[in-house]
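All remarks here apply to the structure that follows.
The values are calculated or read from the model by the stated rules, or taken from the named source; none is laboratory data. Remember, it's a predicted structure, so these values are computed and weren't measured experimentally. Cβ placement follows ideal geometry from the backbone for every residue including glycine, while neighbour counts extend to all protein chains displayed.
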Amino acid sequence: MNEKSAISINSVDKVFNEAREDEVIALSNIDLDIKEGEFVSLIGPSGCGKSTLLRLIGDLLEPTKGSVEVFGKSAHQARVDQDYGMVFQHAGLFDWRRVSANIELPLELHGWSKADRSTRSQEMLDLVKLPDFGSYYPRQLSGGMQQRVSIARALSFKPKLLLMDEPFGALDEMTREHMQIELLRIWEETGTTVVFVTHSIPESAFLSNRVVVLSPRPGQVHSVIDVDLGKRSESTRQDSNFFAAATEIREALRAVEEQE
Amino acid sequence: MNIVKLKSRVSIIWPPLVIGIGILALWEGAVVLFEIQEFLLPKPSSIWTELQNNWEILRHASWETGKMALGGLAIGIVAGVTFAFFATLFRFLNEGLTPLAVAVNATPIVALAPIFNAWFGVTGSVSNQLVVATVVFFPVFINTAKGLTEVHVNEIELMRSYAAGDWTILKEVRIPNALPFFANALRVVAPLSVIAAIVAEYFGGPQDRVGYVITSNAGLARYDVAWAAIAVASAFGLSLFVGALLIERVSTPWKSAVQLEETTKK
Amino acid sequence: MKLKKMMRAFALLTAVTLFMTSCGSDDEASVGTGDCDSVDSVTLQLQWFAQAQFAGYYAAEDGGIYDNYCLDVTIMEGGVDIVPQQQLASGAADFAVSWVPKVLVSNEQGMNLVNVAQVFQRSGTLQVSWADSGINSPADMAGKTVGNWGWGNEFELLAGARQAGLDPATDFNLVQQGFDMLGLLEGEMDAVQAMIYNEYAQVLEAINPATGELYTADDMTVIDWNDEGTAMLQDAIWADGDRLASDEAYQDITTRFVAASLEGWAHCRDHSDECVEHVLNNGSALGTSHQTWQMNEINALIWPSPDGVGMIDADQWAQTIDVVTNYGDLEAVPAEDAYTNEYAEAANDILDSKGISTTGSDWTRATVILNEGGE
């Protein structure tokens, strides 16, 4: 982890339906810096704007006020430059493309040659441990496998940043824990910066270097909790440091709820 | 894989085949046993005989009617798909077109056919093809529009994260997403086009057509010939349905791959 | 109020008349005199909607003739999808009015229907073209678009074309026309089928846009199948052959029904205006001048009946069979018992005894002025 800034969010407000009766202030006065190579989780009760914040970073939404910089340029430029990959809870694989073709889609859109594409998609399948599934259709895969393909697709063009919106939210608990280990492995192998939106306290504690706790209506940064569990493995889940981190996050969330 | 495929295909074909033959046998037996007059219900064997006797007339008639059905099918599909694209691109058009399309769909063909005949004449093919096209239009329009618009929001966001524009999203997401919807519509309208063509022929037009062969022979109590014509029409409608299925298989291979897996799992 | 009173008076008058007639004669030849021990219910299936083509039956019904023959007749109108032969064969009707060739084809399918009275002695079917079309004979139809109604109404046309050396399947374009003259009026068809008593008049009731006046007979050329030798016998009364062979009551009813119907037709010959009224009262969709024209032309198809009304001329029967087997749709020559003159002969005797002319030899065609739209 170096000290270069990956994401810099300065005094950002996000208002939906501005100046209308159904106006909603989703985010208010957000300041957040994320370093390159960092794994940061965004957690908070529903309506706290964590998904909105993720979309501001990805330039899928524009801030009403303030600025978002990604790798020292505007979020828009970062999107155009394909600096990040994105993974949703809904795997978002296209039914009509085989697994390898799904992984190759972003490469295709950016004019990679066919040979380069298939080399890369095989590398990615190896990375997510699905080396033999390239010729399958997504619907023939289990939910966990689909999500792995989705991660492989997001990483296929080697972005420096991975934006994940509750990617494991629809998976069963065992698969979910397994995917967390896989994600950490990939994160370590690739050195990618990760911004991870989640509902789950243990998930955020287990995965992150830092956990950003957001309070709702309007969404604001309540607290930022540093977590240092060193190199994580299945046994980390029984580690007292892990419980301590989870407890700290839980207390912050309780405080947020009492605020309401 | 191939043996599994073959087995599943055989298991799909034999139940309707056995039931079909059983029904024909019961029918034949009932007519003979209860001495039902041929002018009330002809035997399948008499229908088969008349099918052979009138084969040239019926073959020619189904060719002529088939041209009406296929022509109308083509017009209806092109119109339905075009309107679906416009409705997708411009929301206000969608809001205006959908109720209009529903109204068109609610109009029975039996009401349209005489009106179209009066407008476009009965001697040409315009009137009948337009009747067919009107029937075909609605399911194609509604289904295709649905397929083009009902795309998961994450899929659009994903494409935008790749800096893809509207055109790329249309080409890579909306159109492939609409294909199964369109194929569904095609399966419905393909046999429907034959029905519409025949009903349109009840209201006049050239007499070398299936609709006329059915009505005129029924009018003379030659029901065996009328049934033979109905059988030919059914076969034609069925072949269009099978054609639509094949198009669906070829155009949406991911669907059949998943379906096959599901049937073999059982 | 006034109307009600009048109706009551009329009913009283009728009752008195009936009473007087029933007291009149009491002998064996009392058929048709209203001397009834019991009344038989009978249904008659027509082959088209109420119009003067069926005036004789409506006159017999509304004018009390069926009552005099101790019959309670229900007349069922026809329509596009009603096949009178089917109605009769299935027992839904006791008698039916239909064309001879249509019934012969149905008999070939296993029906057993018998012609008990050949009401129309001539064919009323024409093939009509515009005068400038150059179609003056069947041979001129080569390469033209030729309309017809189908459903067996086309047999004379097909026979006439084949007789002229044309193959209907290839030498001209056969098109099913609507039950109107639009195909001709709008120029879509070169020659259209028309009944002289109905559709032909519809052209004469239409405005010629070139003159602003009604079309005249001079604007059209007409192929008359009576002249071409492919005419077939048309409206006849048909009975169920199986019942006729075994059921004495049905034989008796048939005798009375045929006699009463033919008396109705004789009445319409002598009182055509009254019969037009009967038709209009029974819900005819077409207007007075049209039905007056139709009544006149229908009378011309019936009268004169040289052998007596309802009698089948053996030569004409043979011609119909000949045409329909050689040029038409019939595969085998039908059995001889597809017609009988027995009932028509009995009817003629009854009408003679009542002093009603059975040949109509002195009937003359009237001149009818048609108005726009047949009003």
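Name the helices (runs of 4 or more DSSP H) wholly inside the range A:164-260 in which the number of residues that are under 17 Å from the mean Cα position of the chain (by Cα), touching a residue at least 12 places away in the same chain (Cβ under 8 Å) and farther than 24 Å from residue A:53 by Cα is 1 or more.
Here the list reads A:173-190.
Which residues, counting only those in the range B:77-105, are modelled with pLDDT of 80 or more and among the small types (Gly, Ala, Ser)?
Scanning the range B:77-105 gives B:79, B:80, B:84, B:87, B:103.
Just to verify a result, which residue in the range A:15-28, among those that are in contact with a Leu (Cβ under 9 Å, 6 or more places away or on another chain) and in contact (Cβ under 8 Å) with a residue 60 or more places away in the chain, is surrounded by the most Cβ atoms within 10 Å (Cβ to Cβ)?
Here the answer is A:27.
How many of the residues making up the range C:53-90 are more than 14 Å from every other protein chain (Cβ to nearest Cβ), farther than 16 Å from residue C:259 by Cα and in a loop (DSSP other than H, G, I, E, B)?
1
Right, residue A:103: buried (at least 24 other Cβ atoms within 10 Å of the Cβ), at pLDDT 90 or above, among the aliphatic types (A, V, I, L, M) and assigned by TED's automatic domain parsing to the domain that holds residue A:15 or not?
no
If the requirement is being over 30 Å from residue A:78 (Cβ atoms) and within 10 Å of chain A (Cβ to nearest Cβ), which of these qualifies: B:176, B:180?
Of the residues listed, the single one that is over 30 Å from residue A:78 (Cβ atoms) and within 10 Å of chain A (Cβ to nearest Cβ) is B:180.
Here are some residues: C:162, C:122. Which one is of a type in the set (D, E, K, R) and assigned to a loop (DSSP other than H, G, I, E, B)?
Only one candidate qualifies: C:122.
Of the conditions (1) at the interface with chain B (Cβ under 9 Å from one of its Cβ atoms); (2) within 23 Å of residue B:256 (Cα to Cα), residue A:163 satisfies every one except a single condition; which number is it?
Of everything listed in (1) at the interface with chain B (Cβ under 9 Å from one of its Cβ atoms); (2) within 23 Å of residue B:256 (Cα to Cα), residue A:163 misses just condition (2).
Going by the conditions given, is residue A:219 in the same structural domain as residue A:49 (by TED's automatic domain parsing) and either more than 16 Å from residue A:180 (Cβ to Cβ) or aromatic (Phe, Trp, Tyr) (or both)?
yes
If you take the residues in the range C:169-181 that are surrounded by fewer than 21 Cβ atoms within 10 Å (Cβ to Cβ) and touching a residue at least 12 places away in the same chain (Cβ under 8 Å), which one is nearest to the other protein chains (Cβ to nearest Cβ)?
Once the filter is applied, the top-ranked residue is C:173.
Which of (1) closer than 29 Å to residue C:235 by Cβ; (2) more than 11 Å from every other protein chain (Cβ to nearest Cβ); (3) in contact with a helix residue (DSSP H, G or I) (Cβ under 9 Å, 6 or more places away or on another chain); (4) of a type outside the set (Asp, Glu) does residue C:147 not meet, given it meets every other one?
Answer for residue C:147: the failing condition is (2).
Can you tell me which residues in the range C:108-124 are polar (S, T, N, Q), modelled with pLDDT of 90 or more and either in contact with a Phe, Trp or Tyr (Cβ under 6 Å, 6 or more places away or on another chain) or within 18 Å of residue C:246 (Cβ to Cβ) (or both)?
C:112, C:115, C:123
Of everything in the range B:40-71, what is in a helix (DSSP H, G or I) and farther than 26 Å from residue B:196 by Cβ? Give them in sequence order.
Correct list: B:44, B:45, B:46, B:48, B:49, B:52, B:53.
Could you list, in sequence order, the residues of the range B:27-39 that are within 14 Å of another protein chain (Cβ to nearest Cβ), assigned to a helix (DSSP H, G or I) and either within 24 Å of residue C:88 (Cβ to Cβ) or not hydrophobic (A, V, I, L, M, F, W, C) (or both)?
The answer is B:31, and nothing else.
Mind checking which residues of the range B:167-182 are charged (D, E, K, R) and in contact with a helix residue (DSSP H, G or I) (Cβ under 9 Å, 6 or more places away or on another chain)?
B:172, B:174
Kindly check whether there is at least one residue in the range C:113-128 that is touching a Ser or Thr at 6+ places or on another chain (Cβ under 6 Å), of a type in the set (S, T, N, Q) and facing chain B (nearest Cβ under 10 Å).
No, the range C:113-128 contains no residue that is touching a Ser or Thr at 6+ places or on another chain (Cβ under 6 Å), of a type in the set (S, T, N, Q) and facing chain B (nearest Cβ under 10 Å).
So, in the range A:112-147, exactly how many residues are of a type in the set (Gly, Ala, Ser) and either part of a helix (DSSP H, G or I) or within 12 Å of chain B (Cβ to nearest Cβ) (or both)?
Summing the residues that are of a type in the set (Gly, Ala, Ser) and either part of a helix (DSSP H, G or I) or within 12 Å of chain B (Cβ to nearest Cβ) (or both) in the range A:112-147 gives 6.
Looking at C:184, C:233, can you tell me which residue is among the aliphatic types (A, V, I, L, M), buried (at least 21 other Cβ atoms within 10 Å of the Cβ) and either more than 14 Å from chain B (Cβ to nearest Cβ) or part of a strand (DSSP E or B) (or both)?
Step by step, each of C:184, C:233 is checked, and only C:233 is among the aliphatic types (A, V, I, L, M), buried (at least 21 other Cβ atoms within 10 Å of the Cβ) and either more than 14 Å from chain B (Cβ to nearest Cβ) or part of a strand (DSSP E or B) (or both).
Conditions tested, residue by residue: (1) surrounded by 17 or more Cβ atoms within 10 Å (Cβ to Cβ); (2) within 13 Å of another protein chain (Cβ to nearest Cβ).
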site: B:186; (1), (2): yes, no
site: B:216; (1), (2): yes, yes
site: B:222; (1), (2): yes, yes
site: B:231; (1), (2): no, no
site: B:234; (1), (2): no, no
site: B:242; (1), (2): no, no
site: B:255; (1), (2): yes, yes
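So is residue A:185 within 13 Å of chain B (Cβ to nearest Cβ) and over 27 Å from residue A:45 (Cβ atoms) or not?
Judged against the criteria, residue A:185 is not a match.
Looking only at residues in the range A:1-59 that are in a helix (DSSP H, G or I) and of a type in the set (A, V, I, L, M), which one is nearest to residue A:82 (Cα to Cα)?
So the residue we want is A:57.
What pairs come out if I take residues in the range A:112-138 that are buried (at least 19 other Cβ atoms within 10 Å of the Cβ) and pair them with residues that are of a type in the set (Phe, Trp, Tyr) and not in a helix (DSSP H, G or I) whose C-beta lies under 7 Å away, six or more apart or interchain?
Taking only residues 6 or more apart or on different chains, the pairs are A:125/A:133.
Against the condition surrounded by 24 or more Cβ atoms within 10 Å (Cβ to Cβ), within 10 Å of chain B (Cβ to nearest Cβ), on the phi < 0 side of the Ramachandran plot and not in a loop (DSSP other than H, G, I, E, B), how does residue C:192 come out, does it pass?
No: the conditions fail for residue C:192.
Counting residues that are farther than 21 Å from residue B:113 by Cα and at pLDDT below 85, which helices (runs of 4 or more DSSP H) fully inside the range B:195-266 reach at least 2?
B:253-265
Of A:83, A:59, which residue is within 14 Å of another protein chain (Cβ to nearest Cβ), at pLDDT 90 or above and closer than 30 Å to residue A:5 by Cβ?
Just a single option satisfies the conditions, and that option is A:59.
Kindly evaluate residue B:188 against the criterion of being in contact with a Leu (Cβ under 7 Å, 6 or more places away or on another chain) and not hydroxyl-bearing (Ser, Thr, Tyr).
no
Which one of these does residue B:64 not meet: (1) charged (D, E, K, R); (2) modelled with pLDDT under 90; (3) out of contact with any Phe, Trp or Tyr (no Cβ under 9 Å at 6 or more places or on another chain)?
Condition (2) is where residue B:64 drops out.
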